[in-house]
Amino acid sequence: MKPIILSLLALLPLAVSAAERKPNFLFVYTDDQRWDAMSVVQREQGERARFPWFRTPNMDRLAAEGVRFRNAFVTLSLCAPSRAAFLTGRYNHLNGVAGNRLPFPTNNVTHASLMRAAGYATAYIGKWHMGGQRGQRPGFDYSASFIGQGRYWDCPVEINGQATPTKGWVDDVSTDYAIQFIKEHRDQPFSVVVGYKACHGPCDPPERAKDRFPEATAGAVPNLDVRAIYRDGGNTQAGKAEARATATGPDYFRCISAADDNLGRLLKALDDLGLARDTVVVFASDNGYYKGEHGLGDKRSAYEESLRIPLIVRYPRLIPKSKVLDEMVLNLDLAPTFLDLAGLAVPGEMQGRSWRPLLAGKPADWRKSFFAEYFRENAFPGTPTLVAVRTADAKLVKYPGHEEWTELFDLARDPYETKNLVKDPAHKDLLARMETEFDQQAKAVQFRIPDYADKPGEGDQPANKKGGKKKQKKQAGAE
């Protein structure tokens, strides 16, 4: 009997150590991936699915092993601003990044800077895209990151600010760096962010993915024939044809599929190292993307396809498997969630909220609405400055200086946002309710148009009649 007791006592320190172990964190995000560009969502949509042939087995695996949020959004649908919001937990009118051309302020408080100070090994790997910002990524112990958009093949990478050539498809290379960092820091708490270039255009998938999805065609949806209110052209036949031509783009899906391969490599590395149970894995995208809806490609504006993102969280120590939640969550929430799960205080200036109560099945007093924004960029004048509020069942969008463009949608009855109700007397009560919600949210988030947003006539100029459209199109591929 005595040897058994001694054996149990010998195991006790290990049990205590395991219980006290801080979780690791791995945040992986793609660029421009729509919320429904995952096969788990396509299956869920059934007959309404636009891309039923699409397959993302590793995203599906993550969803089966964790929590998938059906209603995840960004507060500004654009690459650099969204990345800054993920890091800071703050709106872009406050965090210094209102557009793609601005560097990330190095004095910003982020989940990485606070976790680093608490003893975490922190790494940023892959796409950063805060203007042409160079050097070691602020708040991180280690970075292996490229400048601006980089390129899909043989992309030069800065290792802690030191230029380094690489060979191969860029997201494969980023995954190699991430796995190496995890291996080297497996015995201490780590927090790793991996930013993939996929599926930003012009898309160029690796050889293994070039022939995937030969049957790729996009199904029709009601809002293909409803032109964005701020765009010229109306619902003409030419406009409808343009929208439908934008819809598929198979290389877009092939790049996502190749990124999914790399997500699988990261998950396997955690399994092989025995770290999966102790690692919080989050998968997301920096913004949504139009595939012809409202006659649009790109993102930026406040229709659902632009604001909505994929978002999956796995943490076996806390989260049950294969759970789906409908509460509205935001990119602002990532930083406070990481800090909360790491046992660190969340700064009062962070405007997001920790997902911990949702993940634990205790979503008391969760948000009922959120505020969204976009600030017009001189290099991309096609989308105007806008502000919006969205609730679970409605959306109000305003375009400062263009009251005639104001939009009101009943999302419960019109999820594709095809009918603007703002001038409909039958919906005056809905409009009044949403105006009140808008004012309350604008005040709560301290909204203002920041000094660092583009001003008309400053910096890059809108496209002109002589060659401007060609230049703008070229720039669009770079942003």
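What follows draws every value from the coordinates through simple rules; no lab data is involved. As the structure is a computational prediction, the values presented were derived from the model and not from experiment. No Cβ is skipped: glycine too gets one built from the backbone with ideal geometry, and neighbour counts run over all protein chains shown.
Using a/c under 1.5 as the rounded threshold, could you call the range 264-353 rounded, prolate or oblate? The axes a ≥ b ≥ c are square roots of the C-alpha gyration tensor eigenvalues, and prolate needs a/b larger than b/c, oblate otherwise. Because a/c hits 1.5 or more and a/b fails to exceed b/c, the range 264-353 counts as oblate. Taking θ as phi - 60° and the Karplus parameters 6.51, -1.76 and 1.60, the scalar couplings of the range 138-146 work out to x, x, 10, 5, 9, 9, 10, 9, 9 Hz in sequence order, x denoting glycine and proline. Membrane-span-like helices in the chain, defined purely by DSSP H runs whose alpha carbon atoms cover 27 Å or more axially and whose average Kyte-Doolittle hydropathy reaches 0.5, are 2-20. In sequence order, the range 120-130 has phi-based couplings of 6, 7, 10, 9, 10, 10, x, 6, 9, 6, 10 Hz under the Karplus curve 6.51 cos²θ - 1.76 cosθ + 1.60, θ = phi - 60°, and Gly or Pro positions carry x.
If you take every DSSP beta bridge whose two residues both sit in the chain, what share of them, in percent to the nearest 5, is antiparallel? Percentage antiparallel, nearest 5: 50.
Straight-line cross-link reach from Lys268 at under 19 Å between alpha-carbon atoms covers these aspartates and glutamates, not counting any fewer than eight positions away in the same chain: Asp60, Glu65, Asp171, Asp172, Asp176, Glu184, Asp187, Asp260, Asp278.
With an 8 Å cut-off on Cα pairs and a minimum separation of 6 or more residues, tell me the relative contact order of the range 61-143 in percent. Don't jump to the answer; show the numbers that get you there.
Details: 96 pairs, mean separation 20.6, N = 83.
Here the relative contact order equals 25 percent.
Ordering 249-260, 156-167 by mean Cβ neighbour count within 10 Å, with the highest value first, yields 249-260, 156-167.
Averaging the Cα positions of each part gives two centres, and for the range 25-55 and the range 322-363 these lie 22 Å apart.
Arranged from fewest to most other beta-carbon atoms within 10 Å of their beta carbon, Ile229, Ile309 become Ile229, Ile309.
Database remark: amide H of Phe27 closer than 5 angstrom to the amide H of Val192, Val193, Val194, Val282 (H placed geometrically; neighbours at sequence offset of 5 or more, or on other chains; Pro and chain starts carry no H).
For Asp298, the residues 5 or more places off, or on other chains, whose built amide H falls under 5 Å of its own are Tyr290.
Distances between placed amide hydrogens fall under 5 Å for Val226 paired with His294, Gly295, all partners being 5 or more residues away or on another chain.
Quick check: Cα centre of the range 166-212 to Cα centre of the range 105-139, how many Å? Answer, in whole Å: 18. Convex hull volume per residue, computed on the Cα atoms of the chain, equals 165 Å³. With contacts taken as Cα pairs under 8 Å at a separation of at least 6 residues, the range 23-367 carries a relative contact order of 31 percent.
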